[in-house]
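Any read-out appearing in this document is the output of simple, stated calculations on the displayed coordinates, not a laboratory observation. Here the structure is a predicted model, which is why all the values come from computation and not from measurement. Glycine gets a Cβ as well: all are built from the backbone with ideal geometry, and neighbour counts include every protein chain shown.
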Amino acid sequence: MGEDLILVSFYWWFYPYYGQKGLIYTLYIHQDTGILFQGICFPCLILPRFSAGIVVKLNLIMAGEGGVWLRVIAGSARGRILRSPKGTKIRPTADRVKEALFNVLAGRIKDAVVLDLFAGTGALGIEALSRGAARAVFVDRSRDSISLIRHNLALTGLLPCAELYREDAGVALSLFQWQGRSFDLIFLDPPYGEGIALSVLGKLAQSGVLSPGGLVAVEHSPRDSLTEQIANLQLWRQRRYGDTVLTFYRREEETDTL
């Protein structure tokens with residue numbers, strides 16, 4: 001089967017008593033191309049209590065090495081399935097939240113230079129590139145995350161448009177400030193509930209790496225309290241989706257004073 005194929009199984013049973021007989025239907029999706037391979041249907045014996053749990057657990061493990069489905073929603077890499085992380089150290093953005101995020105950003109992606117902080121799987125920066133961003137810079141301090149992002153960029157053919165930095169977010173912002181770089185759009189998706197978002201927003205505002213009129217999109221927990229104004233960053237919009245809040249800050253245009 002190979003590690004580039006994702007296994008999905010559906011199963012049905014016929015009689016609600018001991019020794020149920022049923023069918024398992026399996027199909028494969030290739031991670032590189034998104035091509036759906038022909039499935040195989042075969043009979044099985046489903047034992048009460050145990051089998052259903054075993055089948056479900058097996059499918060979750062094999063569906064993207066951890067049960068988290070990631071895909072590119074729109075653009076040149078639309079439909080590509082991204083490799084997802086093992087375990088729970090990385091919390092990928094849910095598809096519905098990602099779609100809502102990019103609906104808000106519609107019209108701002110084309111030819112933008114994007115910074116993806118706490119990039120994790122790289123899904124946000126990759127989505128931006130797929131939708132026409134000129135370049136994306138990915139920052140994460142985890143070696144595993146950087147390896148995962150590089151793999152996903154290769155899967156989507158977007159690696160030539162990307163830069164990867166294995167670095168702490170604050171250190172990376174200082175580096176970009178020293179380099180004189182600026183970004184039109186910055187994604188900020190730190191760990192929930194640790195107060196990191198507000199701290200990094202302060203460093204971001206101080207660094208000046210966000211272009212005048214540029215946007216910062218912050219994904220955070222409802223328990224994380226963010227202020228309306230952080231230096232030259234002004235709260236622009238805020239949306240809640242279950243346990244996730246999307247908060248958008250806009251850099252105020254600088255005006256000359258006499």
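Take ALA134 and ARG181, extend 7 Å from each Cα along the Cα→Cβ direction, and tell me the distance between the two endpoints in nm.
Distance between the two pseudo-spin positions: 1.4 nm.
Could you give the nm distance between label points at ARG150 and ALA74, where each point is 7 Å from its Cα heading toward the beta carbon?
So the two model labels end up 3.2 nm from each other.
Starting from segment 176-258, pick out the GluC sites (Glu not before Pro) whose DSSP state is loop and whose Cβ has at most 13 other Cβ atoms within 10 Å.
Filter output for segment 176-258: GLU194, GLU228, GLU252, GLU253, GLU254.
So, counting K/R as plus one and D/E as minus one, what does the shell of residues with Cβ under 14 Å around VAL137 add up to?
Working: positive: ARG135, ARG150, ARG166, ARG181; negative: ASP116, ASP140, GLU163, GLU167, ASP184.
Residues close to VAL137 contribute a combined charge of -1.
Where the centre of each part is set by its Cα atoms, how far does segment 167-234 sit from segment 104-141, in angstrom?
A separation of 14 Å, based on Cα centres.
Counting other C-beta atoms within 10 Å, and keeping those with at most 10, which DSSP coil trypsin sites (Lys or Arg not before Pro) do you find in segment 199-258?
When the trypsin sites (Lys or Arg not before Pro) of segment 199-258 are filtered for loop state and at most 10 Cβ neighbours within 10 Å, ARG223 remain.
Determine the gain in length on full extension of the stretch ASP95-ASP111; use 0.36 nm per residue of separation and subtract their C-alpha separation, reporting nm with one decimal.
Numbers: separation 16, 0.36 × 16 = 5.76 nm, distance 2.31 nm.
Result: 3.5 nm gained on full extension.
Could you work out the local net charge near GLY170, counting Lys and Arg as +1, Asp and Glu as -1, over the other residues with Cβ closer than 11 Å to its Cβ?
Numbers: positive: ARG141, LYS203; negative: GLU167, ASP168.
Counting the neighbours of GLY170, the net charge comes to 0.
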